[in-house]
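Enquirer: Let me begin by handing over the structure; questions about it come next.
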Amino acid sequence: MSLANLRLPVIQAPMFLLSGPEMVIASCRAGIVGSFPAPNARSREILEAWLQQITTALAEFDNPPPWAINLVMHNTNPRAF
């Protein structure tokens, strides 16, 4: 699925402490782009688990819908570099 095939031209905001894999999956199933901020996953291991959870859940689609991660790339983020 491409952005042009969305039911609505909407992106679910990557909300700090609120957005996670469940919200991303629900948003994508509703026909909009789901997203979450990477810092919501408190460790690299949790982030990897979230990525796998989202990918597995959206594999039910013949053409998986787009979703996004808000990456904080400021040099104060210890996981950015």
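Values in this text are rule-based calculations from the coordinates and carry no lab data. Just so it is clear, the model here is predicted, and its values are computed rather than measured. Backbone-built Cβ (ideal geometry, glycine too); neighbour counts: all protein chains shown.
Enquirer: Could you work out the relative contact order of the chain? I mean the mean sequence separation of Cα pairs under 8 Å and 6+ apart, divided by the number of residues, in percent.
Expert: Normalised by residue count, the contact order of the chain is 32 percent.
Enquirer: Which order do the peptides 15-21, 70-76 come out in when sorted by mean C-beta neighbours inside 10 angstrom, highest first?
Expert: 15-21, 70-76
Enquirer: Using just the Cα positions, wrap the chain in a convex hull and report its mean projected area in square nanometres, one decimal place.
Expert: With the hull built on Cα positions only, its mean projection is 5.5 nm².
Enquirer: So how far apart, in nm, are the two label points at Arg44 and Asn70 if each is 7 Å from Cα heading toward Cβ?
Expert: 2.4 nm
Enquirer: Exactly which GluC sites (Glu not before Pro) in region 6-81 are in a DSSP loop and have at most 10 other Cβ atoms within 10 Å?
Expert: Glu60
Enquirer: Then there's this: Whole Å is fine, so just give me how far the alpha carbon centre of region 4-22 lies from that of region 36-78.
Expert: 12 Å
Enquirer: If exposed means no more than 11 neighbouring beta carbons inside 10 Å and the site is in a DSSP loop, what's the longest run of the chain without any exposed trypsin sites (Lys or Arg not before Pro)?
Expert: Of all site-free stretches, the longest is 43-81.
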